[in-house]
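Remarks on the structure that follows.
The values are calculated or read from the model by the stated rules, or taken from the named source; none is laboratory data. The structure displayed is predicted, hence computed values, not measured ones. For neighbour counting, all protein chains shown are included, and Cβ atoms are generated from backbone atoms with ideal geometry for every residue, glycine included.
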Amino acid sequence: MTSVGIDAIEIRTGKLFLDLPNTFAPVKGEDPEKYTKGLGLYTSSFPDVYEDIVTMGANAAKSLMDRKGLEPEDIGRIDVATESAFDNSKPVSTYIAGCLEQVYDGDFRHANKGERKFACIAGTQSLDDAYNWIKAGRNRGRAALVIATDTALYERGDPGEATQGAGAVAMLIDEDPDLVELSTEQGYGSMDETDFLKPNQQFPSVDGKRSMQVYLARMREALEDYESVAGRTHPADFEYIPFHTPFPGMVRKAALLGFRHMSRDTEIEDELADEIGRQPREADFETWDDYEEAIRGYMDDLKTTEQYRDWYDRVIDPTIDISSRVGNWYTGSVHIARLSALKIAAEEGKEMAGKKLLVGSYGSGAQAEIHAETVQDTWLDEIDAVDVDSQLEDRTEITFDDYELIHDVHNHEKEIEVEEFTQPEGEFVFTGWGRMNERRYEYVE
Ligand SMILES: CC(=O)SCCNC(=O)CCNC(=O)[C@H](O)C(C)(C)COP(=O)(O)OP(=O)(O)OC[C@H]1O[C@@H](n2cnc3c(N)ncnc32)[C@H](O)[C@@H]1OP(=O)(O)O
């Protein structure tokens with residue numbers, strides 16, 4: 001069987017950043033620790049005046065193509081995942097292909113292009129599409145470019161304003177991948193939910209607290225569904241578990257539930273029994289409320305145990321590092337979590353070849369998906385080549401007043417002229433609108 005997976009990754013962050021505890025929280029009259037300790041966020045990325053989902057996606061894709069020495073003819077498919085699209089008909093992938101064709105010989109005339117929408121899970125669904133296309137033997141030896149790109153902005157004053165972000169992740173999906181092979185086994189948890197949606201509007205209608213409950217419920221169903229095909233999971237099976245990370249605090253909740261689930265009926269539950277008792281079983285309670293209360297008590301105790309804390313520090317904490325510095329990238333968020341973990345593994349000199357990851361994606365509306373990935377022998381060269389730190393360090397800090405302006409610049413309802421904060425160089429930029437109201441782009445040397 002051909003192995004198929006992610007051959008290479010590149011990211012492109014919005015070039016501006018807002019310091020959440022020190023700049024945003026004081027103006028909002030909030031305790032900075034809500035951000036650092038509660039949400040787990042330090043800074044959020046924002047796009048400069050000339051950046052948007054197309055420029056960030058095209059710039060990430062160009063870095064990837066240059067690094068891998070690819071030409072348009074090597075790509076048979078361009079799938080863009082986004083929930084920030086500005087066009088209800090023409091897909092963002094055509095805009096990105098148009099950008100790339102400005103700088104490469106040849107074109108993407110024979111590449112299949114599309115756009116995937118299912119909130120944040122669309123990035124993983126695009127990986128699926130590429131995987132299936134290659135497995136079906138329809139790729140004619142060509143690779144697929146998957147680009148997850150979003151500008152995660154909320155209405156001013158919405159609680160979601162705390163969890164914004166902007167950036168793109170470009171991934172090359174190919175046979176015999178250099179980074180990770182994707183498992184055939186997958187699990188889904190999917191229900192019609194009204195937790196976060198954008199019915200013909202730019203900024204989301206969000207029931208934030210409910211969206212967190214729905215995330216956890218669907219993730220748990222996806223894990224059970226995954227186990228029904230792949231067999232029971234155990235906390236020791238996976239080196240890292242990257243989750244969709246709207247903010248790191250969400251992952252802390254998901255990780256605790258996951259650990260409880262994976263350690264049930266194992267030696268870990270036995271070892272913890274003296275300290276915190278056994279996990280409550282529904283059958284032992286007369287009412288659901290009593291059972292829930294017992295579960296809450298068990299979870300409160302579980303998160304203080306050494307076993308859980310060690311596991312969390314080793315398996316989960318490395319996945320949230322980048323996210324805590326860039327905020328929510330919606331469709332790209334789980335792919336940043338994977339990258340974050342592998343980057344830290346590389347920095348720590350960890351041998352990862354052959355090790356497994358369990359990847360938990362989520363999209364509001366709502367669906368969770370779980371699959372496993374196997375790290376490939378060549379992973380270290382790939383991870384060492386990805387430029388994350390310099391991009392994050394090179395971002396320009398904005399004040400709260402700047403933030404208000406930049407929010408308005410990217411608000412489709414407003415027309416406002418604002419001077420760019422940074423000077424574009426060697427990148428695609430947005431230049432304005434064409435005669436049919438299409439957005440126009442050019443490459444700046
Ligand atoms: C879009 C998706 O990806 S769907 C999945 C998740 N949903 C979202 O991201 C929706 C968008 N975001 C939002 O709606 C909001 O930002 C929310 C719901 C995440 C947070 O809402 P807020 O009302 O602003 O924050 P809240 O008061 O709940 O504080 C956030 C956390 O910080 C904690 N906190 C608050 N103040 C402090 C403090 N001073 N010190 C330590 N912790 C604090 C809170 O207890 C809470 O943690 P908990 O949930 O473990 O109790």
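General remarks:
- Residue in region 404-427 that is within 16 Å of the ligand (Cβ to nearest atom), surrounded by 14 or more Cβ atoms within 10 Å (Cβ to Cβ) and either not hydrophobic (A, V, I, L, M, F, W, C) or not in a loop (DSSP other than H, G, I, E, B) (or both) present: yes
- Members of region 178-217 found to be in contact with a Leu (Cβ under 9 Å, 6 or more places away or on another chain) and within 10 Å of the ligand (Cβ to nearest atom), listed by number: PRO204, VAL206, LEU216
- Residue match in region 79-92 (condition: within 16 Å of the ligand (Cβ to nearest atom), assigned to a helix (DSSP H, G or I) and surrounded by 24 or more Cβ atoms within 10 Å (Cβ to Cβ)): no
- Here TYR226 meets each of (1) outside any loop (DSSP other than H, G, I, E, B); (2) within 30 Å of ARG67 (Cα to Cα) with one exception, condition (2).
- Any hit, region 145-164, residues being on the phi > 0 side of the Ramachandran plot and without any contact (Cβ under 8 Å) to a residue 24 or more places away in the chain: yes
- Every residue from region 218-258 that is among the hydrophobic types (A, V, I, L, M, F, W, C), touching a residue at least 24 places away in the same chain (Cβ under 8 Å) and more than 16 Å from the ligand (Cβ to nearest atom): LEU223, VAL229, ALA230, PHE238, ILE241
- Residues satisfying the stated conditions in region 63-73, i.e. touching a Gly at 6+ places or on another chain (Cβ under 9 Å) and either farther than 23 Å from VAL386 by Cα or surrounded by 15 or more Cβ atoms within 10 Å (Cβ to Cβ) (or both): PRO72, GLU73
- Residue in region 383-390 that is in a loop (DSSP other than H, G, I, E, B) and modelled with pLDDT under 95 present: yes
- Hits in region 220-275 - residues which are of a type in the set (Val, Ile, Thr) and buried (at least 18 other Cβ atoms within 10 Å of the Cβ): THR233, ILE241, THR245, VAL251, ILE268
- Conditions (1) surrounded by 23 or more Cβ atoms within 10 Å (Cβ to Cβ); (2) over 20 Å from the mean Cα position of the chain (by Cα); (3) within 16 Å of the ligand (Cβ to nearest atom); number of the one not met by ALA25: (1)
Listed here are the residues, each with its yes/no results for (1) in a helix (DSSP H, G or I); (2) among the polar types (S, T, N, Q); (3) away from the ligand (no atom under 16 Å from the Cβ); (4) out of contact with any helix residue (DSSP H, G or I) (no Cβ under 9 Å at 6 or more places or on another chain).
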site	(1), (2), (3), (4)
THR304	no, yes, no, no
ARG309	yes, no, yes, yes
TYR312	yes, no, no, no
VAL315	yes, no, yes, no
ARG325	yes, no, yes, no
THR331	yes, yes, no, no
ILE336	yes, no, no, no
SER340	yes, yes, yes, no
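- Taken over region 152-177, the criterion of being in a strand (DSSP E or B) and either surrounded by fewer than 23 Cβ atoms within 10 Å (Cβ to Cβ) or more than 13 Å from the ligand (Cβ to nearest atom) (or both) is satisfied by ALA166, GLY167, ALA168, VAL169, ALA170, MET171, LEU172, ILE173, ASP174, GLU175.
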